[in-house]
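I have placed the structure first, in the form of structure tokens, so that the comments after it can refer back to it.
Nothing in this text is a laboratory measurement; each read-out follows from the coordinates by a stated rule. The shown structure was predicted, so the numbers you read here are calculated from the model rather than taken from an experiment. No Cβ is skipped: glycine too gets one built from the backbone with ideal geometry, and neighbour counts run over all protein chains shown.
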């Protein structure tokens, strides 16, 4: 079966950056920063993004391009011993399940973004009753818009790599960046914005010793870069053989962290602009309001206080959030779809529909028992499964896969890599340092809970 392939490095960077740049950046990063000290969280996130996330990303890209297959098949074939091959297949299958679990809650949140976007349009047209229903929390709204969002994702994935993933990444990523930069410029021109910008950019170094901040920064780095669940492994399998993998991985990491920083430069200053306009931005605990209340209560109050420009700013913001959600969900849905196509021998269209229906049904179930399941699914998939799966990928690259196999794969796009600093540092780093650091941070997370 002929597999798809990205047509250029730019196409891969846009697609992989789109995978990394999702709600984890535009929503998750600023709210985490608001909860964890602003500048201190930003600094720790940047450290862990390059100290942990980049090496783990490289493990996925190398394994993916070498095998040109889904996560389960790739790990199984790269560890030829019977026991390690079974471990590889099991790890890959857990990655497929985890990507699907993430989509179950992610599609609900993405549906909220679409609903708020449409509510803004409805208010512009004086359909206030419809707007109130769109922004109200209800089972019908949650299920309807989660299903619509899964349908959009399914439509893109079913078209394949070149005509689906690549085509829409080329359209969506420039649109996302343009909207984000435009909103930042507007917000920074408002009264109070500089106070939020200082909070975000100037760290309190004493907060760096806070174990909870370190755990949250690691979780943010892994989630925002879509690591551990096979998305980057799959995208790596669509890379051309002559692509320079260390450079490609570095560009994706820079793009992801860059958009996270831009998102923080939008949301935290917007909080203090809202305060200038009379909106309460502190919770009862004394900390800045974060999470859903930040996106769906504080910012809409800010938009409502802006007069005639408010609805247009609100519309641009929720369009931005919807695009960010879609660019990430495309890569996550590709993980189970590629597995179904390559291991079950069914067509991409049929696999896309089958996986889409399963994910939409599971999302509806989570929405039905929202209070009991939503937070649980988020914790299992992002707090525990993603770091553990990244740990396993590091173990495979460092301990179970032949070192010369990795080097030969890197040499295809960078013949001089063996003499460079990357090859001197990365193998021992991914073999020892990354697993130990992930385990230490996970242990700390377990103790804190």
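The relative contact order of region 9-448 comes to 34 percent, based on Cα pairs under 8 Å that sit 6 or more residues apart. Here residue 128 and residue 198 are evaluated by their C-beta separation; at R0 = 51 Å the FRET efficiency comes out at 0.85.
Ranked by how many other Cβ atoms sit within 10 Å of their own Cβ, fewest first, the residues 279, 161 fall in the order 279, 161. If one takes the longest principal axis of the Cα atoms in the chain, at what angle in degrees, from 0 to 90 and to the nearest 10, does the Cα axis of helix 139-158 lie? With both axes taken from Cα atoms, the answer is about 40 degrees. Of 357, 447, 13, 114, the sequence from fewest to most neighbouring Cβ atoms within 10 angstrom is 447, 357, 13, 114. Extending 7 Å from Cα along the Cβ direction at residue 155 and again at residue 139 yields two label points whose distance is 2.8 nm. Each label was represented as a point 7 Å from its Cα along the Cα-to-Cβ direction; for residue 167 and residue 425 these points are 4.1 nm apart. Of the peptides 176-182, 95-101, 230-236, the order by per-residue mean of other Cβ atoms within 10 Å, starting with the highest, comes out as 230-236, 95-101, 176-182. With Cα atoms defining each centre, region 404-423 and region 164-192 are spaced 36 Å apart in the structure.
Subtracting the Cα-Cα distance of residue 51 and residue 175 from 0.36 nm times their residue separation leaves 41.6 nm of extension gain. For the pair residue 97 and residue 10, label points projected 7 Å from Cα toward Cβ lie 4.2 nm apart.
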